[in-house]
Each structure stands twice: as C-alpha cells, then as structure tokens.
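After the structure tokens below, expect a handful of questions from me.
The values are calculated or read from the model by the stated rules, or taken from the named source; none is laboratory data. For clarity, every value in this text was computed on a predicted model and none was experimentally measured. Counting neighbours? That spans all protein chains shown, and the Cβs are built from the backbone with ideal geometry, glycine included.
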Amino acid sequence: MSLEPEPVLLEVSGEGIAVLTLNRPAKRNAFDELMIANLSEHFETLKGADHVRAVFVRGAGETFCAGADIDWMKRGGERTEADNEADALSLARMLKHLHDLPQLTVALVHGAAMGGGAGLVAACDVAVAVKDAKFRFSEVRLGLTPATISPYVVEAIGPRMARALFATGEAFDGAYAEKIGLTQYTVDDMAGLASMMEHLSGLALAAAPGAVADSKSLVRFLADEIDDRVLKETARRIAKRRASSEGREGLAAFLEKRKPEWNS
C-alpha cells in the first residue's frame, strides 16, 4: 500500500460546492503523469455529478501550481517524440475536461501559476488571484512552446496578448493578470481568496444549473471550438519541440542550473 498522499483531493459540500485541491505542496503542486491522470478522473466524475453546482480549483501549501514537475520533464527528455506526444495529449485532454465541465469553474490562485498552472487558470470560467501571485508562460526559456495550454490562454486573453507573453516569457503579477483577462478578480491575501470563494459559491447556487451549463455551451458555440483536432495538433507541436535541439538543450540547462546556449 502506497504511503504517498493523493496528488489531488476532492471534497464536495452538502450544498454541492466541489473543491479540488492540488496536493503536492513539496513539489509546488507541479504536474506529473499521476496528477494529470488524477485530475482527468475527477473532472470526468464531476461532469456527471448533477448535484454539484460549482467547482473550485486551488493548491495546497505556498503555490497554486508551478507547471511541469522537473522529474516529469526529465523523463520526457529521455522519451521518443511519439511518447512525448501521447504524454502531451493526456495533459491537453485533462484541460479540455476542465474547460467543458457544465458547472461554474473557478481557479483560486496564490503563490504562483506557471506554465501549465496558468493553463489551468485559463481553462476555468472564473479566476481569482492574490495580487502578488506570480504568473509566467516560461516555455520559450526552455526551448519549448506553451502548446497544450494555448487554446485556453488565447481564448482568455486574446491572440495579441498571448503572442506577446508566449514569445517573451515575461513574468507578471495578479494585478496584471486581471488587467489582461486571465483572471477576473484580484484580492490582497488568502483571506480575500476565501471571501471570494464564498461570494462566487453564492452566485453559483443562485443560478439555475441547467441554465449555467447552457450558457457555457452557448459561448462555446459562438467561439471557435476546441476540438480533438486542436488537442492532437497542440500535443504534436510540443512533442516536436521537446525532441528538438533547443528543447533538449533548454531542459539540460534547466536541470544543470546553467544558462542555455542561446543565453550564454
């Protein structure tokens, strides 16, 4: 029997408020294969949970989500491009499961939301961040691209802002995240996050659940659909980057705590 804690915890209140907690605080709640699979399972369960009215996603410890786990990235560097594509597709489909949930979905961000962590934020309907939380699409610094999260980020902040932040890898705070539309609310501290959770729970419970689901479906109909073709193409693109000379050098430099060759 494993003594490892569950990578994701799910609690549902009697009122139907679900809280998903990323539960790898020692790893800053970074993604690995197990966490991605666990999140997908929970999202699939919640999809058919008619009594659930809102789904909150938060992180245990000091960080919301630091993106990809270093050991997971290292394993990816040793795999074939085809294996990397399958791995990336698992992440892409997990984000799609979150994006397509019929309930109101809310990210509660503190500490940092980096790379894939920022993708989780973008895939939710609503996001609340502590004002000094740190965000970054840092993939270009590793010779990679934010491919699998890109459909949700572009949907949230628009193509031009996404292009700027993807290409520069510049860090920004919670206040800027609200300014560009990645989040909708900024709070001062953890108490503010708790207060906004209560406020948004009240809004979710006051809304007819079928109307919420239909409203979300309406927006998907009017916007460009994120379909399986998009998921497969984004997975292919990140797999190709991971197998590239820049991707391999970026990962090696990161693991060896040195500057990559393009920044030496």
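Of everything in region 45-75, what is under 15 Å from residue 12 (Cα atoms) and at pLDDT 95 or above? Give them in sequence order.
Those that are under 15 Å from residue 12 (Cα atoms) and at pLDDT 95 or above: 45, 46, 47, 49, 51, 52, 53, 54, 55, 56, 57, 58.
State yes or no: is residue 186 out of contact with any Phe, Trp or Tyr (no Cβ under 7 Å at 6 or more places or on another chain), among the β-branched types (Val, Ile, Thr) and part of a strand (DSSP E or B)?
The answer is yes for residue 186.
While we're on this one: Identify the single condition in (1) in contact with an Asp or Glu (Cβ under 9 Å, 6 or more places away or on another chain); (2) under 27 Å from residue 190 (Cβ atoms); (3) basic (Lys, Arg) that residue 79 does not satisfy, given that it satisfies every other one.
(2)
Could you list, ordered by first residue, the pairs with Cβ atoms under 8 Å in which the first is in region 169-186 and over 10 Å from residue 135 (Cα atoms) and in contact (Cβ under 8 Å) with a residue 12 or more places away in the chain and the second is in a loop (DSSP other than H, G, I, E, B) and charged (D, E, K, R), at least 6 apart or interchain?
175/131; 186/131
I would also like to ask the following. Among the residues of region 126-139, is there at least one that is part of a helix (DSSP H, G or I) and under 25 Å from residue 77 (Cα atoms)?
Yes.
Then there's this: Quickly run through region 43-60 and pick out the residues that are in a loop (DSSP other than H, G, I, E, B), surrounded by 13 or more Cβ atoms within 10 Å (Cβ to Cβ) and over 17 Å from the mean Cα position of the chain (by Cα).
If the condition is that a residue be in a loop (DSSP other than H, G, I, E, B), surrounded by 13 or more Cβ atoms within 10 Å (Cβ to Cβ) and over 17 Å from the mean Cα position of the chain (by Cα), then 49, 52, 53 are the ones that fit.
Filter region 10-36 for residues that are in contact (Cβ under 8 Å) with a residue 40 or more places away in the chain and surrounded by fewer than 15 Cβ atoms within 10 Å (Cβ to Cβ) and give the result.
Result: 15, single match.
Within region 181-233, work out how many residues are within 30 Å of residue 85 (Cβ to Cβ) and of a type in the set (A, V, I, L, M).
6
Can you list residue pairs whose Cβ atoms sit under 8 Å apart, with the first residue in region 205-219 being over 16 Å from residue 124 (Cα atoms) and in contact (Cβ under 8 Å) with a residue 24 or more places away in the chain and the second being acidic (Asp, Glu) and surrounded by 10 or more Cβ atoms within 10 Å (Cβ to Cβ)? Count only pairs 6 or more apart in sequence or on different chains.
Close Cβ pairs satisfying both conditions: 205/15; 209/50.
Does residue 202 qualify as being part of a helix (DSSP H, G or I) and surrounded by 14 or more Cβ atoms within 10 Å (Cβ to Cβ)?
no
Residue 82 - would you say it is touching a Ser or Thr at 6+ places or on another chain (Cβ under 7 Å) and in contact (Cβ under 8 Å) with a residue 60 or more places away in the chain?
So residue 82 does not fit the description; no.
Take the conditions at pLDDT 95 or above, part of a loop (DSSP other than H, G, I, E, B) and charged (D, E, K, R) and apply them to residue 178. Does it pass?
no
I need the full set of residues from region 223-244 which are surrounded by fewer than 17 Cβ atoms within 10 Å (Cβ to Cβ) and modelled with pLDDT under 90, in order please.
223, 224, 225
May I ask you to say which residue of 235, 252, 239 is assigned to a helix (DSSP H, G or I), closer than 17 Å to residue 68 by Cα and touching a Ser or Thr at 6+ places or on another chain (Cβ under 8 Å)?
One residue alone meets the criteria, 235.
Then there is this: Provide a single number: the residues in region 110-138 that are of a type outside the set (D, E, K, R) and farther than 16 Å from residue 39 by Cβ.
13
Continuing with this model, one more query. Can you pull out every residue in region 128-141 that is closer than 21 Å to residue 168 by Cβ and of a type in the set (A, V, I, L, M, F, W, C)?
Matches in region 128-141: 129, 133, 135, 137, 140.
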